[in-house]
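The numbers here are math on the coordinates, done by the rules we state, and not lab data. Please read all numbers here as calculations on a predicted model, not as lab measurements. Cβ placement follows ideal geometry from the backbone for every residue including glycine, while neighbour counts extend to all protein chains displayed.
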Amino acid sequence: MQELNPFSVLEKYRIKTLPYRIIKNKIELKKAGKELGYPLALKIISRRFTHKKDIGGIRLGIGNEKRLLTSYEDMLEDIGKKNIDAFLVQKMARKGIELIIGGKKDAQFGHMIILGMGGTYVEIFKDFSARICPIIEEDVGEMVNELRSHPILQGARGEKPISMKKLTSLMLKICKLLQKEQIEELDLNPVIINHKGYDIVDMRYRR
């Protein structure tokens, strides 16, 4: 079973996460808002639901305490308290390109890492590249080049290319995590990346 705080396994491998708090009541919610600063995202944590957005379990761009409390109360009412294990209060991510970084354990080949275009429509575009773990730096560059959408990552229409250094470091750490923690399946989606770095917005995994 996945932990209540899925980000803890990333922190174990020194993978940068957005500032966040796990909260269970209004007092903790108000404290989190003051400590993190606005704008914020508020998301449910639920073992019952995999896709939080589909059930209205995500609120983005929350600019003040009043909106934070209203969002919290609305989700409790709409989704049901019994369906929510906790809430994640998280700083809003940078602007950039949405990627998915995934992993799974194959019965024949062992752990594999997957890179692709991420976000809401990941299953529609199906633009992925995969490698068997462990990987080396050169593999990440090859995986990017194999994506149909690679011109976007390399700086199409005057945009700056993504930071390959930051992406490579993240991919190498994820491979290590997959193998050391014996993860059966993992999704980081979306990972928002630009020329300066990345923000991991959401993740789920299964041992």
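Couple of notes before you dig in:
- Other-chain or far-sequence residues with amide H under 5 Å of R207's (modelled H): E184
- Cross-link partners for K52 among the aspartates and glutamates, with Cα-Cα distance under 19 Å and sequence neighbours closer than 8 places in the same chain left out: E3, E73, D74, E77, D78, D85, E98, E123, E185, D187, D199, D202.
- Applying 0.36 nm per residue to the separation of Q179 and M164 and subtracting their alpha-carbon distance, the gain on full extension is 3.1 nm.
- Top of F128, F49, F109 by mean-square fluctuation, Gaussian network on the chain, Cα under 10 Å: F109
- Dipole magnitude of the chain about its Cα centre (Cβ charges: Lys, Arg +1; Asp, Glu -1), debye to nearest 20: 740
- Residue-wise HN-Hα couplings along the range 83-93, as the Karplus relation 6.51 cos²θ - 1.76 cosθ + 1.60 with θ = phi - 60° gives them from phi, are 8, 10, 7, 5, 10, 9, 9, 9, 4, 5, 7 Hz; Gly and Pro carry x.
- Positive-end ranking of L99, G63, I192 along the dipole of the chain, with charges on Cβ about the Cα centre, is headed by G63.
- The label-point distance for R204 and K66, in a model that sets each label 7 Å from Cα toward Cβ, rounds to 3.5 nm.
- Put a dot 7 Å past the Cα of R47, heading toward its Cβ, do the same for K34, and the two dots end up 3.3 nm apart.
- Ranked packing of 26-35, 194-203, 81-90, 150-159, most packed first, by mean Cβ within 10 Å: 194-203, 81-90, 26-35, 150-159
- Mean ellipticity per residue at 222 nm, deg cm²/dmol - from DSSP H runs of n ≥ 4 across the chain, formula -39500 (n - 2.57): -9000 deg cm²/dmol
- Other-chain or far-sequence residues with amide H under 5 Å of D85's (modelled H): I45, S46, R47
- The chain - Rg and Dmax from Cα coordinates, angstrom: 17.5, 52
- Within the chain, the whole DSSP H helices whose Cα atoms reach 18 Å or more along their own axis and whose mean Kyte-Doolittle score is at least -1.0 are 65-79, 164-180.
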